[in-house]
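The values are calculated or read from the model by the stated rules, or taken from the named source; none is laboratory data. Only a predicted model underlies this, so the values are computations on that prediction, with no experimental measurement involved. A quick note on method: Cβ atoms are made from the backbone with ideal geometry, for glycine too, and the neighbour counts reach across all protein chains shown. Keep in mind that these areas ignore ligands, DNA and RNA; they rest on the heavy atoms of the full protein, side chains included. Shrake-Rupley method; radii C 1.70, N 1.55, O 1.52, S 1.80 Å.
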Amino acid sequence: QDGDTARIRGGKILVAYLTRSGNTRVIAQTLHRALNADLFEIRPASPYPADYEEHVAQASRERAEGYAPPLAALVTDIASYDEVFLGFPIWGQAAPPPILSFLKGHDLRAKALRPFITHGGYGVGSAPGTLAGLAPAARIQPAFVMEADQERRTLNQIKAWLGRIEGE
Ligand SMILES: Cc1cc2nc3c(=O)[nH]c(=O)nc-3n(C[C@H](O)[C@H](O)[C@H](O)COP(=O)(O)O)c2cc1C
């Protein structure tokens, strides 16, 4: 089945994605299997804090500075791909800083770029403009956009539960 998909579409496909809490990984792995595509996880050289609030604060500082953190690895043979599916969550109404690094670090000229974006309910913000600005020579296709669970919502519910327990 996978082989059929690859043959029908033709060309070599890369699925590259960034995730913190796993929502975007579910989509990436589904695409990887369905399209018989290579899978690449975008990881910054130094990982973000495990603590959610610390992560949000660091990402917010980086965004304000326009910082593009060095990545743990780049795709070695990016030139061999005809199509790149690029997945990421929205952080602070924007594409996450490591996505800036990915776009700056790879030549996507003439490739089809298919974004898939997850967000916690506030939409894609400035991300489409960032993609267009940093991959101007790619053939950017309409993004697949999906609202997904927010870690913050989980944290708030746990806090409320603990509050109720303490009040007992
Ligand atoms: C640092 C940070 C900032 C976020 N900012 C936003 C935001 O501005 N708008 C929004 O709708 N969701 C925001 N979210 C929620 C994520 O976009 C959403 O939960 C996403 O599906 C997470 O994907 P992941 O599980 O692949 O990491 C933020 C999450 C994090 C960690």
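Taken over the stretch 59-80, residues that are surrounded by 16 or more Cβ atoms within 10 Å (Cβ to Cβ) and not charged (D, E, K, R) amount to 6.
Only one entry in Ala148, Ala127, Ala138 is open to solvent by less than 30 Å² (accessible area, probe 1.4 Å), in contact with a helix residue (DSSP H, G or I) (Cβ under 6 Å, 6 or more places away or on another chain) and among the aliphatic types (A, V, I, L, M), namely Ala148. Among the residues of the stretch 83-101, those that are within 15 Å of the ligand (Cβ to nearest atom), within 17 Å of Glu65 (Cα to Cα) and open to solvent by less than 20 Å² (accessible area, probe 1.4 Å) comprise Ala94, Ala95, Pro96, Pro97, Pro98, Ile99.
If you scan the stretch 99-118, which residues turn out to be of a type outside the set (A, V, I, L, M, F, W, C) and farther than 19 Å from Gln29 by Cβ? Walk me through how you get there before you give the answer.
Step one: filter the stretch 99-118 for residues of a type outside the set (A, V, I, L, M, F, W, C), giving 101, 104-107, 109, 111, 114-115, 118.
Those that are of a type outside the set (A, V, I, L, M, F, W, C) and farther than 19 Å from Gln29 by Cβ: Ser101, Lys104, Gly105, His106, Asp107, Arg109, Lys111.
Taken over the stretch 46-58, residues that are open to solvent by less than 70 Å² (accessible area, probe 1.4 Å) and either more than 13 Å from Leu18 (Cβ to Cβ) or more than 9 Å from the ligand (Cβ to nearest atom) (or both) amount to 5.
Table: residues versus (1) modelled with pLDDT of 95 or more; (2) out of contact with any Leu (no Cβ under 9 Å at 6 or more places or on another chain).
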residue	(1), (2)
Ser126	yes, yes
Leu134	yes, no
Gln141	yes, no
Phe144	yes, yes
Arg152	no, yes
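Quick check: anything in the stretch 22-32 touching a helix residue (DSSP H, G or I) at 6+ places or on another chain (Cβ under 6 Å), open to solvent by less than 30 Å² (accessible area, probe 1.4 Å) and on the phi < 0 side of the Ramachandran plot?
Of all residues in the stretch 22-32, those touching a helix residue (DSSP H, G or I) at 6+ places or on another chain (Cβ under 6 Å) come to none.
No, because not a single residue in the stretch 22-32 is touching a helix residue (DSSP H, G or I) at 6+ places or on another chain (Cβ under 6 Å), open to solvent by less than 30 Å² (accessible area, probe 1.4 Å) and on the phi < 0 side of the Ramachandran plot.
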